[in-house]
Amino acid sequence: MRVENVLAITNWSYRDALIQTYTLPYIKLIRKNIPPSGTIYLVTLEQKGMEFNIEVKRRIEKELKDQGIIWIDFRFSKFGGKAIFERFIQLIKLWYLCIQKRIDYIHVWCTPAGVTGYLLSVISRKTLILDSFEPHAEPSVETGTWKANSFAFKFLFYFEKKQAERAKITIAASSFITDYAKDKWKIELKNIFVKPALVDLEKFNYESKKEPGLLKSFGLENKIVCVYAGKVGGIYLDNEIFDFIKVCHNYWGNKFRFFMITDISRKQIEEFCNNAKLDTEIVVSCFVQYNEIQSYIGAGDFAINPVKMVKSKRCCTSIKDGEYWAMGLPIVITNSVGEDVKIILDNNAGVVLESLDKSEYYRAVEKIDAMLKESTMSELYCKIRPIAEKYRNYDIAKRIYSVIYNSSTFSEE
């Protein structure tokens with residue numbers, strides 16, 4: 001029998017870009033692979049300040065329901081006793097939903113949500129699918145977010161192994177997860193597929209490059225622009241980003257600008273600039289909704305992805321790299337996100353930083369300068385865009401979900 005009803009569990013707010021770009025497109029693909037009579041129940045955790053007013057919420061609920069998707073929104077609490085208690089109550093509610101709605105598959109995104117999915121799978125005896133599976137506990141320690149002896153780390157690390165053991169199907173963010181599972185958990189993953197962070201290639205295209213009005217409004221006309229869409233700190237570098245930009249400014253002078261698409265405050269940016277002895281006018285920053293981001297990325301001549309260089313990040317995927325490639329941008333990337341690094345090296349599509357020092361930054365800048373001089377913007381686009389078409393195409397997800405949701409091989413245990 002084909003799967004009818006699916007419970008999709010996430011740990012993000014509906015407004016979050018990780019729902020809008022990293023979950024909803026896939027939910028809709030899954031929906032196409034279950035019968036019209038079936039339903040997908042989408043669970044989100046709504047953070048304070050990210051809620052919708054009641055009219056907007058009802059409109060979203062209706063739009064989703066018309067597509068065969070029911071939105072279940074729970075409240076988010078930071079990790080701790082309160083969060084564990086709330087999650088327990090949510091677990092009971094979801095267990096009842098599994099029985100009442102005859103859920104076939106529990107499909108979870110990333111390992112924090114996977115804790116709920118695992119426990120629910122055990123008590124309901126439903127098939128567990130792990131999507132976008134990558135370690136979260138160890139990277140949190142390696143990047144300094146958690147302590148190695150913290151309860152948060154021990155809790156999630158334990159449940160990451162339990163998820164991996166329990167899952168009938170694992171959709172990993174990177175092929176490196178196979179070796180990680182053997183090394184860290186001493187287990188062989190079952191029925192593994194690989195799906196990195198994919199990109200809407202119709203949205204990210206040449207038409208959105210160097211829009212004159214946008215360039216003028218940010219003072220980027222006739223400038224060499226390094227673009228960065230992301231955060232500072234956490235899994236990403238902080239002061240090192242601005243040290244690199246300082247080298248860019250020294251090399252190109254006033255022809256250079258750093259365009260940050262970020263939600264960090266201007267005050268924080270200026271503090272980082274002061275630490276790097278960088279003129280604050282060189283850094284242009286703004287925050288935009290995701291439906292506009294392609295034009296802002298398109299303002300760049302090259303991009304950076306400053307993920308901290310920690311071993312476990314080799315198992316992770318990066319949304320921004322696919323977006324950069326889709327816009328034809330060379331990338332300066334740290335030697336971190338395993339498969340993306342290999343793709344850049346194999347295709348001569350940017351520079352991989354082997355260390356975080358001034359001489360390495362100069363090497364990277366010289367390589368980017370040579371690429372920009374040797375090829376026109378159109379030529380670079382024609383060279384780099386096919387990388388996104390090969391490695392970040394939604395067809396990858398379509399094939400995976402078609403196999404999973406149209407096969408008797410993965411029936412309920």
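The values are calculated or read from the model by the stated rules, or taken from the named source; none is laboratory data. No experiment lies behind these values; they were computed from the predicted model shown. As a convention, Cβ positions derive from the backbone with ideal geometry for all residues, glycine included, and neighbour counts pool all protein chains shown.
Quick check: anything in segment 332-340 at pLDDT 95 or above, touching a Gly at 6+ places or on another chain (Cβ under 9 Å) and not charged (D, E, K, R)?
So far as segment 332-340 goes, yes, one or more of its residues are at pLDDT 95 or above, touching a Gly at 6+ places or on another chain (Cβ under 9 Å) and not charged (D, E, K, R).
Taking segment 188-220 only, how many residues are more than 23 Å from the chain's Cα centre (by Cα), under 22 Å from Asp301 (Cβ atoms) and touching a residue at least 12 places away in the same chain (Cβ under 8 Å)?
Adding up the residues that qualify gives 7.
With respect to Ile54, is the statement that it is surrounded by 17 or more Cβ atoms within 10 Å (Cβ to Cβ) and either over 16 Å from Thr116 (Cα atoms) or in the same structural domain as His136 (by TED's automatic domain parsing) (or both) true?
So Ile54 fails the test.
Specify which of the listed residues (Arg399, Arg363, Arg314) is within 26 Å of Ile169 (Cβ to Cβ) and not assigned by TED's automatic domain parsing to the domain that holds Phe157. Outline the logic, then answer.
Working: Arg399 fails: not assigned by TED's automatic domain parsing to the domain that holds Phe157; Arg363 fails: within 26 Å of Ile169 (Cβ to Cβ).
Just one listed residue meets the conditions, Arg314.
What do you reckon, is Ile187 within 27 Å of Trp146 (Cα to Cα), β-branched (Val, Ile, Thr) and at pLDDT below 95? If you could, list the steps in order and put the result at the bottom.
Numbers: within 27 Å of Trp146 (Cα to Cα): yes; β-branched (Val, Ile, Thr): yes; at pLDDT below 95: yes.
Yes; evaluated as a whole, the condition is true for this residue.
Report those helices (runs of 4 or more DSSP H) wholly inside segment 96-187 carrying at least 2 residues which are more than 24 Å from the chain's Cα centre (by Cα) and closer than 23 Å to Thr44 by Cβ.
111-124
Here are the criteria: (1) over 20 Å from the mean Cα position of the chain (by Cα); (2) at pLDDT below 95; (3) in a helix (DSSP H, G or I). Tell me which single one Glu63 does not satisfy.
The number of the failed condition is (2).
Within segment 12-25, track down each residue that is crowded, with 19+ Cβ neighbours inside 10 Å, of a type outside the set (A, V, I, L, M, F, W, C) and within 13 Å of the chain's Cα centre (by Cα).
Of everything in segment 12-25, those that are crowded, with 19+ Cβ neighbours inside 10 Å, of a type outside the set (A, V, I, L, M, F, W, C) and within 13 Å of the chain's Cα centre (by Cα) turn out to be Asp16, Thr21, Tyr22, Thr23.
From the residues in segment 36-51 that are over 17 Å from Arg102 (Cα atoms) and among the aliphatic types (A, V, I, L, M), which one is surrounded by the fewest Cβ atoms within 10 Å (Cβ to Cβ)?
This residue is Met50.
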